[in-house]
Amino acid sequence: MNRLDALRGTTPQKPHDARAIAALAANPGCTRRALLDGAGIDKDAAARHLGFPAPFGQSPFAITRGNAFEALVKADGCAELLRMLRELLGLPIAEVAYHDVENVGAHLRHAHTRALFDRAARDGDDAGTVYDHPLLSVGIAGHTAYLEPDVVAFQLGGRFHIVEIKLFAVIDGQADPSAVAAAARQAAVYVLALRRMLAELGHDPLRVAHDVVLVCPENFANRPVATLVDVRRQLGVLERQLARMTALDRLLDGLPEELTFDLLPGEDGLPTRPAAELADALRRATARYAPDCLATCDLCFFCRDEARQEGATDLLGRHVRDELGGVGSVGEALGLADGARAPAEGQEEIARLLRNAERLRRECLA
């Protein structure tokens, strides 16, 4: 942890939330992101100081509309949610118990959440319960991140389901795939946190279902509709990435001892470190840029600019980059394609495929 503290320097540690942890699973091969998140560095502040701010965040209108939709789903003790759960999960009872964990106060919420779920898991009766505003936790590189899922529903038979309420619409039974994927990654964080909590309490973690309940507006109205989303794949990626972050020593070993990402905040909290110096420090940690980063990482524009300057194949997307194997730049790929560059050892097959692609391109143009 000393090396991570040195990387952060005098910059205050930024606590992780579910959205930030979910983004780890979106690009698990990025060393730069793993180190920044492991050290708890504010990537948004760094990006703004470097002159590459990312336009993340919702508009006030979207936030207000989202809060109104969530209030609709949770109104009258989650009556509307219960209707959907009854249809989706086959609840045979007319009513369930309702616990609003937020009512106990922020400083007691985590302990109260643990006590409630411990009792629910031990009782094993047939009474269904909906838990609103529970506070879960998960360890990130030696630090504890506190997370608040929208709702946790305790189904009959001792099964817990995470309920995630989102504002993007389901139109004619279809939703934006990228929005669903982002929601699935975020819900997987809550599933993992609740499973770890149950395991710590001595219960079977698999009592937390891998199918999460996604609640969205249907068509162009505010009527909510619920669907089940399987997050097993996202759970696997997330667990591997969190394990990688607990073993950051291997990533730190290749970096100079004196390297730091410290923003040197002044009395007003704004960074004072020269931007060029911070950029040089960040470039010492290898990034794995992909166009998908534009939707998940605050440093996306900085890394994209770096990839453009290098002419990296990362700009073409992960599929193309992976297909090209050890060919790191667009210029190198073009040279192999037109024969101007001799393939290095291990590049023979890729060079053959590129030459064939170039031949087909010329034939099509002719």
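The values are calculated or read from the model by the stated rules, or taken from the named source; none is laboratory data. Owing to the predicted nature of the structure, the values given are computational and were not obtained by experimental measurement. Methodologically, a virtual Cβ is constructed for each residue, glycine included, from the backbone with ideal geometry; neighbour enumeration extends over all protein chains shown. Ligands, DNA and RNA are stripped out before the accessible areas are found, and what is left, the full protein with its side chains, is counted by its heavy atoms. Shrake-Rupley method; radii C 1.70, N 1.55, O 1.52, S 1.80 Å.
Counting only DSSP beta bridges with both residues in the chain, what percent are antiparallel, rounded to the nearest 5?
75
Where Rh denotes the Kirkwood radius from the mean inverse Cα pair distance, what is Rg over Rh for segment 260-363? Please list the in-between numbers first.
On the way: Rg = 18.3 Å, Rh = 16.0 Å.
A ratio of 1.14.
For segment 136-194, report the % of Cα-Cα distances exceeding 15 Å.
59
Taking Cα pairs under 8 Å and at least six residues apart, what relative contact order does the chain come out at, in percent?
20
Given labels modelled 7 Å from the Cα in the Cβ direction, how far is it in nm from VAL237 to ASP172?
Going by the 7 Å Cα→Cβ label model, 2.8 nm.
About the Cα centre of segment 4-153, what is the dipole size in debye to 20, counting +1 per Lys and Arg Cβ and -1 per Asp and Glu Cβ, all else neutral? Numbers along the way, then the final one.
Details: 15 positive and 19 negative charges, 159 e Å.
With only Lys, Arg, Asp and Glu charged at Cβ, the dipole is about 760 debye.
Against the empirical 2.2 N^0.38 Å scaling, what ratio does the C-alpha Rg of segment 24-94 come to?
1.80
Based on alpha-carbon atoms only, what is the radius of gyration of the chain relative to the globular estimate 2.2 N^0.38 Å? Don't skip to the end; give the middle numbers.
Working: Rg = 23.9 Å, N = 366, 2.2 N^0.38 = 20.7 Å.
So the chain has a normalised radius of gyration of 1.15.
Treating only the Cβ of Lys, Arg, Asp and Glu as charged (+1, +1, -1, -1), what charge dipole size does the chain show about its Cα centre? Round to the nearest 20 debye. List each step's numbers first, then the result.
Working: 42 positive and 52 negative charges, 104 e Å.
In debye, rounded to 20, the chain gives about 500.
To the nearest 0.05, what FRET efficiency results for ARG284 and ALA179 with a Förster distance of 45 Å applied to their C-beta separation? Spell out each step's value before the answer.
Values: r = 35 Å, r/R0 = 0.77.
Computed FRET efficiency for ARG284 and ALA179 comes out at 0.85.
When the chain is fully extended, how far beyond the present Cα-Cα distance does ILE63 get from ALA97, taking 0.36 nm per residue of separation?
Length gained between ILE63 and ALA97: 9.4 nm.
Under the rule of -39500 (n - 2.57) per DSSP H run of 4 or more residues, summed and divided by the residues of the chain, what mean residue ellipticity at 222 nm is obtained, to the nearest 500 deg cm²/dmol?
-15000 deg cm²/dmol
Order PHE301, PHE69, PHE61, most accessible first, counting only protein heavy atoms with a 1.4 angstrom probe. Before the final figure, lay out the partial values.
Working: PHE301 50, PHE69 0, PHE61 150 Å².
Of PHE301, PHE69, PHE61, the descending order of accessible area is PHE61, PHE301, PHE69.
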